[in-house]
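Reading through the structure tokens given below for one structure.
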Amino acid sequence: MPKTHSGHAVACLQVGALGIGEDHTMAAGRNLALWLIENGHVQHLFVEFPAPNYGQALNAAIQAAGTQPPPTRQTLAQQMNWENRHLPAIPLGEVMAEALLRGVTVHLADDSMQMVHPNRFARRHTTIQNVFRQVAGQVGTPSAAGAVGCLLLWGGAHFEGNHALDNYIINLPFVIMD
């Protein structure tokens, strides 16, 4: 479980994957994610939304992001109409929109069950692990060549306890942002 500091985020992404554990009500985690995306350090963004529930909206956003002239980040985020359940944080849709506008592949990696009870984390984290392995390669280690530039943006609780995400994506470096 290699917990690290946000100052090491770029170095982590240059050699593999990085997890950001955020407080959904605070902007720090999403600000870090936006900075990493805007500065070209992210190739794949994994977010806490399930594909069965939000896949159509993501596909529409991918198409809209490719239009000329491209929409603004805020316009694209509004078109996606993602929920922002946790105010005053930056809407996750804005982070996803920025990623799409910069050519970053967005992965809706959560399980459709999406329950927050810790007993459900095993199922959710297995789903995340499987999506990650599809991108990084079947070994699914955060230092695999296919994992370079993979950013996983999740709630901080996903990096705690017996079923922490870094127990499923073994040795995933992560930062906890408040």
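With a probe of 1.4 Å, find how much accessible area the chain has per residue, and write the answer as a whole number in Å².
Dividing the accessible area of the chain by its residue count gives 47 Å².
Show me, for the stretch 69-80, the HN-Hα J-couplings you get by feeding each phi into the Karplus relation (A = 6.51, B = -1.76, C = 1.60, θ = phi - 60°), rounded to Hz, glycine and proline as x.
Taking θ as phi minus 60°, the curve returns x, x, x, 6, 4, 5, 5, 5, 4, 5, 5, 6 Hz for the stretch 69-80.
Using only alpha carbon positions, build the gyration tensor of the stretch 7-89, then give the equivalent ellipsoid semi-axes as the square roots of 5 times its eigenvalues, largest first, whole angstrom.
23, 17, 13
So for the chain, Kirkwood radius off the Cα pairs, Stokes-Einstein at 10 °C and 1.306 mPa s: how many µm² s⁻¹?
99 µm²/s
When the Karplus curve 6.51 cos²θ - 1.76 cosθ + 1.60 is applied with θ = phi - 60°, which whole-Hz ³J(HN,Hα) does each residue of the stretch 153-162 get, with x for Gly and Pro?
9, 9, x, x, 4, 6, 10, 10, x, 5
Can you give the local net charge around Val175? Use residues other than it whose beta-carbon is closer than 14 angstrom to its beta-carbon, Lys and Arg +1, Asp and Glu -1.
-3
Once amide H atoms are built 1.01 Å from N in the peptide plane, which residues 5 or more positions from Asp23, or in another chain, come under 5 Å H to H?
When sequence neighbours closer than 5 places are left aside, the close amide H contacts are Gly29, Gly156, Met177.
Can you list the HN-Hα couplings for the stretch 42-56, worked out from phi with the Karplus curve (6.51, -1.76, 1.60; θ = phi - 60°), rounded to whole Hz and with x for Gly and Pro?
So the Karplus estimates, Gly and Pro as x, are 10, 10, 9, 10, 9, 10, 7, 9, x, 4, x, 8, 10, x, 5 Hz.
Just for the chain, what percent of DSSP beta bridges are antiparallel, to the closest 5?
Antiparallel: roughly 5 percent of the beta bridges in the chain.
What's the Kirkwood radius of the stretch 16-57 in Å, using all Cα pairs?
11.8 Å
The values are calculated or read from the model by the stated rules, or taken from the named source; none is laboratory data. Being a predicted model, the structure only gives us computed values, none of them experimental. All Cβ positions, glycine included, derive from the backbone under ideal geometry; neighbour counts span all protein chains shown. Accessible surface is based on the protein model in full, side chains and every heavy atom, while ligands, DNA and RNA are left aside. Shrake-Rupley method; radii C 1.70, N 1.55, O 1.52, S 1.80 Å.
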